[in-house]
Amino acid sequence: MSKRVFILVEGQTEERFVKDVLAPAFFGRDLYFYPTILVTKRVKDGPNFKGGVTTFAKFRNDVRRLLQSSGDALVTTLLDYYGLPTDFPGMDSRPGRGPIERVTHVERAVAEHLGNPPNFVPFLALHEFEAWLFSAPEELPRVLTAMDKLPQFAAIREGVASPEEINERPQFAPSKRIATLFPSYRKVLHGPTAAGRIGLDRIRKDCPHFDAWIKRLEEFVVA
């Protein structure tokens, strides 16, 4: 029997990632994804425009609409942890430990705020979508035909245990590192393309928080 996943995504980049990379990986298991872009997008601003969460109240409204129409579907999210509004549940009580502990603390708080619906799995990309592009450092320079930048790009990856540890400080966030190194990078165009070439398996291997989310989706398939 086929199953459905309603997924609230941050913007066009994440929507393309779901359609082009995530969904095909589950076609053979009869699991189908229905991405919905947040209706509370920021005003369009330049080629790297993305949507984004402006307040928790607006995010909550979007999630509740999905839950109300979900039936037996799973509802999940694909939003960046970097730049998350400070009014989200759990943001002001994050533990002072590692980034995975901090982001899972916020995810749990969001679920609790909404009453822990059994078919709701909040997920925040740590620290943002672009972190996954560091999983195979050769792919993004290849997509951008800028292989001369590979050593610098690979050095960023080698400086951390996991791409998910490339942190949330504005000047060091994954997207900022990429924009500085590759001025021609266009998020919606190049991000999902590079992620598709890297592949889910490689991203899962390097990014434990992302891997844990995929495992939850796999568990839903067989539940």
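Suppose the filter is more than 22 Å from THR76 (Cα to Cα), touching a helix residue (DSSP H, G or I) at 6+ places or on another chain (Cβ under 6 Å), touching a residue at least 60 places away in the same chain (Cβ under 8 Å) and open to solvent by less than 60 Å² (accessible area, probe 1.4 Å); does ALA131 pass it? No, not satisfied.
Restricting attention to the range 1-34, the residues that are over 15 Å from the mean Cα position of the chain (by Cα) and either of a type in the set (Ser, Thr, Tyr) or more than 20 Å from ALA125 (Cα to Cα) (or both) add up to 11.
Residues satisfying the criterion are present in the range 123-131 (criterion: of a type in the set (Phe, Trp, Tyr), touching a Phe, Trp or Tyr at 6+ places or on another chain (Cβ under 7 Å) and in a loop (DSSP other than H, G, I, E, B)). Residues that are open to solvent by less than 10 Å² (accessible area, probe 1.4 Å) and hydroxyl-bearing (Ser, Thr, Tyr) within the range 10-42 comprise just one, THR13. In the range 43-54, the residue that is modelled with the lowest pLDDT out of those that are surrounded by 13 or more Cβ atoms within 10 Å (Cβ to Cβ) and closer than 22 Å to THR193 by Cα is ASN48. Sub-9 Å Cβ pairs linking a first residue in the range 205-223 that is without any contact (Cβ under 8 Å) to a residue 40 or more places away in the chain to a second residue that is assigned to a helix (DSSP H, G or I) and of a type in the set (A, V, I, L, M), at least 6 apart or interchain, are ASP211/ILE203; ALA212/ILE100; ILE214/LEU22; ILE214/ALA25; ILE214/LEU200; ILE214/ILE203, ordered by first then second residue. For the range 140-156, the candidate set comprises residues that are without any contact (Cβ under 8 Å) to a residue 40 or more places away in the chain and open to solvent by 40 Å² or more (accessible area, probe 1.4 Å); within that set, the residue that is nearest to GLY90 (Cα to Cα) is ALA155. Selection of the range 61-79 for residues being open to solvent by 20 Å² or more (accessible area, probe 1.4 Å) and either free of Cβ contacts under 8 Å to residues at least 40 places away in the same chain or under 18 Å from MET1 (Cβ atoms) (or both) yields ASN61, ARG65, GLN68, GLY71, ASP72. Residues in the range 84-114 that are of a type in the set (Gly, Ala, Ser), modelled with pLDDT under 95 and under 18 Å from PHE210 (Cα atoms): GLY98 only. Of PRO137, PRO117, all but one fail to be closer than 29 Å to VAL75 by Cβ and either in contact (Cβ under 8 Å) with a residue 12 or more places away in the chain or open to solvent by 20 Å² or more (accessible area, probe 1.4 Å) (or both); the exception is PRO117.
The values are calculated or read from the model by the stated rules, or taken from the named source; none is laboratory data. Note that the coordinates shown come from a computational prediction; the quantities given were computed from them, not determined experimentally. Every residue, glycine as well, gets a Cβ built from its backbone with ideal geometry; the counts of neighbours run over all protein chains shown. Surface areas here come from the heavy atoms of the whole protein model, side chains and all, with no ligands, DNA or RNA. Shrake-Rupley method; radii C 1.70, N 1.55, O 1.52, S 1.80 Å.
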